[in-house]
Every structure is written in structure tokens, then in C-alpha cells.
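The structure under discussion appears below in the form of C-alpha cells.
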Amino acid sequence: MTREERFMSEAIQLANRGIAHKEGGPFGCVIVKGDEIVGRGNNQVTSTNDPTAHAEVVAIRNACKNLNSFQLEDCEIYTSCEPCPMCLGAIYWARPKVIYYAGTREDAADAGFDDSLIYEEMDRSLADRRIPIKSLGREQALKVFDAWKNNPDKTTY
């Protein structure tokens, strides 16, 4: 078994463990730096009543806490399934160097986890989306952005 296969196996075991403990859907994730697992997560949506508690997000939070960093540069992500749009966004913000996945989005859809609506919505204009998206308070928000841009003590990311 290769190094990568060993880490993927751990992610898949986390998915199985999450199901056994009735924590959420069949998804697991590990984050690796060098040859060490620095973050672990399994889907905990139903056990925490948190729709953002997907395996990848849980693992990112765990790894960032363990590394005392908001970035996962030089880290690898091993996830039991192709990341959904939310998780993919979180992964990109964390900036790992590579993502390995096992199951595909089609496999997830076949198991009842179909993200096609989200992918379709992202391709639509704001006016054509199923959930209305309306702009409100832009002038106030621009002042906050200006404060950020002019803050010499900010931590950029």
C-alpha cells in the first residue's frame, strides 16, 4: 500500500466510523503535513445540527487548530468523496497543495447526496436563482472594506 493509499484508507475509515456513531453522512477526511495526519474529520451534520459540518470542513478546522494557522500550505487533503461546492470553497481558502478524493460526485448523488442543484445555481445569474439574493446596505459595507484596506495592522490572507 502506498503512502497516499494509506491516508485515503484512514479517510474512508473515518467515514465508516461516523456512520457507526450516527454522526452524519458517509464522508471522512484527513489532512496530512509531511507524513503526519494533522487533521481529521467525518461528516457531523446531523449530530451537531450544523449544515456546514461536512468532513472536509471539520478536518480543516481540526488541522488549523492543531497547526495554529489559518492556512494549510504544504498540506495534502484526503477525502472519501469528491468535495461538494462548499467544501471545495473552504479547501481553496485553506490553500493546501493537493486534494485526493475517492468517490465521485456521481457516487454521492447515487447515495442520496446530490449537489447538482448547487452547481446549477452557481451558473445562474443572481436574479434567476431559486433562493432570492438581494443587495442591501452596500454603502455601509464599502466603509468597512475601506477601513480594512487602510488598516496597517491587518493580517492578509
Checklist line | Residues within region 12-26 that are closer than 14 Å to Ala59 by Cβ and out of contact with any Phe, Trp or Tyr (no Cβ under 8 Å at 6 or more places or on another chain), tallied | finding: 6
Next item on the list: Sort out for me the strands (runs of 3 or more DSSP E) sitting completely within region 1-100 that have 2 or more residues that are under 20 Å from Asp114 (Cβ atoms) and open to solvent by less than 50 Å² (accessible area, probe 1.4 Å).
Entry: 28-33, 75-81
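The values are calculated or read from the model by the stated rules, or taken from the named source; none is laboratory data. Note that the structure is a prediction, hence the values are computed from the model and not measured. Counting neighbours? That spans all protein chains shown, and the Cβs are built from the backbone with ideal geometry, glycine included. Ligands, DNA and RNA are excluded from the accessible area calculation, which covers all protein heavy atoms including side chains. Shrake-Rupley method; radii C 1.70, N 1.55, O 1.52, S 1.80 Å.
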